[in-house]
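Q: Structure in structure tokens, see below.
The values are calculated or read from the model by the stated rules, or taken from the named source; none is laboratory data. Please read these numbers as outputs of a predicted model, since none were measured by experiment. Backbone-built Cβ (ideal geometry, glycine too); neighbour counts: all protein chains shown.
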Amino acid sequence: MIFFNPLTHQNLKMMKSILYNLYKAFKSKRARAIMLCLVSMFSLSAQTPRKDSGADGLSAVAPINVGDRVPEDFYTRQYKVYTNGKAITTDLKHLKGKLIILDFWASWCGMCLTQMPKGEKLSQQYADTLAMVLVNTKHRRDDLQKIKKTYSETLARIGGSALPTVYNDEYLISLFPHASIPRYVWISPRGTVLAITGHTFVNKEQIDNVIDLLRGQGNYE
């Protein structure tokens, strides 16, 4: 499975043209679904600022693109996490070897909240191969009390309260700068950024497609 790094709009246009031509050549519905998914992933990934874009964030953290590997610090650094009704500090080393989907959200984002029951269900269904991690960034101005209230009053009612969230984040938003939410970052079991997508691609069909292709590449032991 090859993910191109869309450094320029010209390259993106070329890749999309290639993928659409391949799409026409594929006869199976499954193959066509994969091709359409990749085309859309490229389109959204092109909106991610490049390393030299000067995006806001920690000065020592350079943004990374689709096709790049996350730094080791992504797994080993200590994050503030709210999970199971408790605020803890932990790393992400236990997620190595799984497909990780980072879900950037805010308490005031209605679309973010309505997607969380689906995320919770998928994380439970694919518990051995997938980790869904919510990320609430510092600049969204959600303090811990707002997050607790969202979990206890909203997510406990509609679903999604079993998902852990990183909160008060400055590091992950620096790695993956963006403006709109929800935003989903797909990271392979080996730490490669596979895609940056919107919520429509976070579903069982696409996860099945990605996991099947990752297995074919030997990403899962």
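Q: Which number in (1) modelled with pLDDT of 95 or more; (2) surrounded by fewer than 17 Cβ atoms within 10 Å (Cβ to Cβ) marks the one condition that A179 misses?
A: Only one criterion in (1) modelled with pLDDT of 95 or more; (2) surrounded by fewer than 17 Cβ atoms within 10 Å (Cβ to Cβ) is unmet by A179, namely (1).
Q: Please determine, by comparing only the residues of region 69-113 that are among the hydrophobic types (A, V, I, L, M, F, W, C) and in a loop (DSSP other than H, G, I, E, B), which one is farthest from the chain's Cα centre (by Cα).
A: W108
Q: Which of the following residues is buried (at least 20 other Cβ atoms within 10 Å of the Cβ) and within 11 Å of P164 (Cα to Cα): V66, V133?
A: The unique qualifying residue is V133.
Q: Report, by residue number, each residue of region 137-147 that is buried (at least 16 other Cβ atoms within 10 Å of the Cβ) and out of contact with any helix residue (DSSP H, G or I) (no Cβ under 6 Å at 6 or more places or on another chain).
A: R140, D142, K146, I147
Q: Being of a type in the set (S, T, N, Q) and either more than 18 Å from I64 (Cα to Cα) or buried (at least 23 other Cβ atoms within 10 Å of the Cβ) (or both) is the filter here; which residues of region 189-213 pass it?
A: T200, N203, Q206, N209
Q: Please pick out the residue among I196, I100, I173 that is under 22 Å from P63 (Cα atoms), of a type in the set (A, V, I, L, M) and in contact with a Gly (Cβ under 7 Å, 6 or more places away or on another chain).
A: I173
Q: Just wondering, is there one or more residues in region 129-138 that are more than 16 Å from I187 (Cβ to Cβ) and within 15 Å of the chain's Cα centre (by Cα)?
A: Yes, some residue in region 129-138 is more than 16 Å from I187 (Cβ to Cβ) and within 15 Å of the chain's Cα centre (by Cα).
Q: Tell me yes or no: at least one residue of region 142-161 is under 13 Å from the mean Cα position of the chain (by Cα) and not charged (D, E, K, R).
A: no
Q: For V133, are the conditions met, namely being over 25 Å from L213 (Cβ atoms) and touching a strand residue (DSSP E or B) at 6+ places or on another chain (Cβ under 6 Å)?
A: So V133 does not fit the description; no.
Q: Give the number of residues within region 107-117 that are buried (at least 19 other Cβ atoms within 10 Å of the Cβ) and in contact (Cβ under 8 Å) with a residue 60 or more places away in the chain.
A: Within region 107-117, residues that are buried (at least 19 other Cβ atoms within 10 Å of the Cβ) and in contact (Cβ under 8 Å) with a residue 60 or more places away in the chain number 2.
Q: Right, another one. Is there a residue being modelled with pLDDT under 95 and either over 16 Å from A179 (Cα atoms) or among the aromatic types (F, W, Y) (or both) anywhere in region 62-73?
A: Within region 62-73, one or more residues are modelled with pLDDT under 95 and either over 16 Å from A179 (Cα atoms) or among the aromatic types (F, W, Y) (or both).
Q: Given the condition among the aromatic types (F, W, Y), in the same structural domain as S107 (by TED's automatic domain parsing) and closer than 18 Å to V61 by Cβ, answer yes or no: does some residue in region 136-157 qualify?
A: Within region 136-157 (the criterion being among the aromatic types (F, W, Y), in the same structural domain as S107 (by TED's automatic domain parsing) and closer than 18 Å to V61 by Cβ), the answer is no, since none of the residues qualifies.
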